[in-house]
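Some notes on the structure that comes next.
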Amino acid sequence: MTQVTMTVNGKAASGDVPGETLLSDFLREHLRLTGTHVGCDTSQCGACVVLVDGKAVKSCTALAASLDGAEVTTVEGLANGELHPMQVAFNDNHGLQCGFCTPGMIISGIDMVNRYKAEGRELTEEAIRHELEGNICRCTGYHNIVRSIKDAAASM
Amino acid sequence: MYAVNYHKPASIEDAVAAIGGADEAKILAGGQTLLPTMKQHLAAPSDVVDIRGIGGMTDIAVRGDTVTIGAAATHAAVAGSNEVGSICPALAALAAGIGDPAVRHMGTIGGSIANNDPAADYPAGLLGLGATIVTNQREIAADDFFTGMFSTALEDGEIITAVSVSKPDRAGYAKFRNPASRYAMVGVFVAKTGNGVRVAVTGAGEDGVFRHAGLEAALAGNWSPDAVDAVEMSADGLMSDIHASADYRAHLIKVMAKRAVAAAG
Ligand SMILES: Cc1cc2nc3c(=O)[nH]c(=O)nc-3n(C[C@H](O)[C@H](O)[C@H](O)COP(=O)(O)OP(=O)(O)OC[C@H]3O[C@@H](n4cnc5c(N)ncnc54)[C@H](O)[C@@H]3O)c2cc1C
Ligand code: FES
Ligand code: FES
């Protein structure tokens, strides 16, 4: 067992976790933050993406024990009285159908907008499509997801 | 995933002790290969020893014409590093093309080369550049490090601490991505260095990454994409699988070699 303390969505969260506990399990089972989805066993789908110290990470492919002291943001931590601009854009642009991939899409969208802004690069439609390589959607065909992210980038 | 004991030592000595004290320890870096493998029960270590808490393991520094990259530097860190960019922009570009953004935020250069996946990108970059792999025990030339599919010259428990790369005159990398996994179906790294031309091929060989003597000779004579046309390309020793036949891979090696030379300028 390893004692871990993280900041999750701005609040301290601690627990005694077995070595094999994945961050996704820690969030879903220990903290009951079930907005983070688990869609695969192969680290490929991106439904589980959360921000760890501001960077998009697959929470199914990180050990909770390794993240003592980390700052984690899940989809539940985005709305702050009002929805986050990325959430608004997914709503406005019909960027989801079943919604399973959406938490990961929204977090990955925020991550890419933040990185491109910090580097002063333009987040073109082509760039968004490349940046989404680690996020799989079975429903939408991606067009409205790309539109949502492009839209949010303008207002973030 | 089976039960596992987690360790995060703060020094190489403590890491060596943790590895030595366990039934069957595995070194953990970014976890982007080891954790999926453990989830699928293809690996079941009793202990994992996380090397990311060891001081200096993520440092990237330039001395003279050489850049030294800490083993736990992530793909994203290498891709965005001015130091790496100043010595070899092609290596930074290679790192920027590994997997997807979330994988690049966690996966490390040390983990990638220790794993030596036959379709991984870094093995081509480091073999092509004639890099030196530094461990807690010795320095190993890239030519001696990559010994076969998923195998390296590392001894049990030996820890890669850094990789160093000297500035090439020119270098370029091109990969044909497997559209599902993003790994290289074929990737070719070309470098023109003080010690001659080196060409390394990943994604294609049955024994993992390899140097291609025919391409090296052709490009040493004439550093241009056209020089690739005349090279005899055999499919012997190349992989055939559901993604591509050996003949198709042989063809792709030439196409990627041309693109790599064009990218190198
Ligand atoms: C969806 C997905 C897509 C990917 N796409 C690509 C791709 O396009 N190209 C590509 O090249 N790779 C790709 N990868 C693999 C990725 O680059 C991994 O990060 C990398 O192969 C392993 O690095 P790691 O730091 O995650 O190592 P880990 O998974 O932590 O470890 C891998 C192995 O290396 C050993 N090890 C780790 N560090 C050291 C060290 N310092 N010394 C000795 N042994 C060590 C471990 O014991 C383990 O056996 C992909 C992975 C995923 C999940
Ligand atoms: S659940 Fe993490 S990548 Fe699929
Ligand atoms: S909306 Fe259903 S998987 Fe993306």
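The alpha carbon centroids of segment A:118-156 and segment B:1-66 are separated by 34 Å. In a DSSP loop and with at most 14 other Cβ atoms within 10 Å, the trypsin sites (Lys or Arg not before Pro) in segment A:4-53 are A:32. Interface burial in segment B:75-102 reaches 20 Å² or more for B:100, B:101, B:102, comparing the full protein assembly with the chain by itself; accessible area from heavy atoms with a 1.4 Å probe. For chain A, the dipole from Cβ point charges (+1 on Lys and Arg, -1 on Asp and Glu) about the Cα centre works out to 220 debye, to the nearest 20.
Rounded to the nearest 20 debye, the dipole magnitude of segment B:98-208 is 620 debye, with +1 charges on Lys and Arg beta carbons, -1 on Asp and Glu beta carbons, and the Cα centre as origin. Helical content of chain B, expressed as a calculated mean residue ellipticity at 222 nm, amounts to -9000 deg cm²/dmol (DSSP H runs of 4 or more residues, -39,500 (n - 2.57) each, divided by residue number, nearest 500).
Taking amide H as placed 1.01 Å from N in the peptide plane, the amide H of residue B:119 sits under 5 Å from that of B:203, each at least 5 places away or on another chain.
Shielding of peptide B:28-38 by partners, expressed as the average count of other chain Cβ atoms within 10 Å per residue Cβ, is 4.
Summing charges over all other residues whose Cβ lies under 14 Å from the Cβ of residue A:105, with Lys and Arg as +1 and Asp and Glu as -1, gives 0. Compactness of segment A:85-155 was expressed as the Cα radius of gyration divided by 2.2 N^0.38 Å, which yields 0.98.
Measuring r between the beta carbons of residue A:125 and residue B:2 and using R0 = 35 Å, the FRET efficiency lands at 0.20. In segment A:74-119, burial by the other protein chains removes 20 Å² or more of 1.4 Å probe accessible surface, compared with the chain on its own, from A:115. Using a cutoff of 8 angstrom between alpha carbon atoms and counting only pairs six or more residues apart, the relative contact order for chain B works out to 15 percent.
In this structure, residue B:155 and residue A:7 have a Cβ-Cβ separation that, at R0 = 41 Å, corresponds to a calculated FRET efficiency of about 0.55. With unit charges on the beta carbon (Lys/Arg positive, Asp/Glu negative), name the residue among B:11, A:146, B:261 whose Cα is farthest towards the positive pole of the charge dipole of the protein assembly as shown. Towards the positive end, the residue furthest out is A:146.
Among the listed pairs B:175/B:254; A:55/B:175; B:26/B:175; B:26/B:167, give every one whose C-alpha distance is greater than 21 Å.
A:55/B:175; B:26/B:175; B:26/B:167
Only Cα pairs under 8 Å and 6+ residues apart enter the sum, and on that basis the relative contact order of segment A:85-155 stands at 55 percent.
If you take the beta carbon distance between residue B:23 and residue A:41 as r and set R0 to 35 Å, what does 1/(1 + (r/R0)^6) give as a FRET efficiency, to the nearest 0.05?
Efficiency, from the Cβ-Cβ distance: 0.85.
Put the Cα centre of segment B:135-182 next to the Cα centre of segment B:92-126 and the gap is 9 Å. The residues of segment A:85-155 have, on average, 49 Å² of accessible surface per residue, using a 1.4 Å probe with all protein chains present. Bridge orientation summary for segment A:2-77: considering DSSP beta bridges with both residues in this region, about 90 percent are antiparallel. Of the solvent-accessible surface of segment A:85-155, computed with a 1.4 Å probe over protein heavy atoms with every protein chain present, carbon and sulfur atoms account for 50 percent.
For the set A:24, B:86, the ranking by accessible area, highest first and with no ligand, DNA or RNA atoms included, is B:86, A:24 under a 1.4 Å probe. The contact between chain B and chain A removes approximately 2000 Å² from the accessible area (both sides summed; 1.4 Å probe; ligands, DNA and RNA excluded).
Computed over protein heavy atoms with a 1.4 Å probe, the carbon and sulfur contribution to the accessible area of segment A:2-77 reaches 42%. Kirkwood radius and radius of gyration were both taken over the C-alpha atoms of segment B:176-265, and their ratio Rg/Rh is 0.96.
Explain nothing, just the number: relative contact order of chain A, from Cα pairs under 8 Å at least 6 residues apart, as a whole percent.
Once normalised by length, the contact order is 25 percent.
The mean accessible area for residues of chain B, using a 1.4 Å probe and ignoring ligands and nucleic acids, is 41 Å² per residue. Counting every C-alpha pair in the protein assembly as shown, the share spaced more than 30 angstrom apart comes to 44%.
Among the residues of segment A:122-141, those with an accessible-area drop of 50 Å² or more from chain alone to full protein complex, heavy atoms and 1.4 Å probe, are A:133. Calculate the dipole size of chain B relative to its Cα centre from +1 charges on Lys and Arg beta carbons and -1 charges on Asp and Glu beta carbons; express the result in debye to the nearest 20. Dipole of chain B, to the nearest 20 debye: 900 debye. Overall, the accessible surface of segment B:1-50 at a probe of 1.4 angstrom is composed of carbon and sulfur to the extent of 49 percent.
The values are calculated or read from the model by the stated rules, or taken from the named source; none is laboratory data. Just so we're clear, the structure is a prediction, and the values are computed from it rather than from any experiment. Note that we place each Cβ from the backbone using ideal geometry, even for glycine, and neighbour counts take in every protein chain shown. Remember, those area values only see protein heavy atoms, side chains included, never the ligands or the DNA or RNA. Shrake-Rupley method; radii C 1.70, N 1.55, O 1.52, S 1.80 Å.
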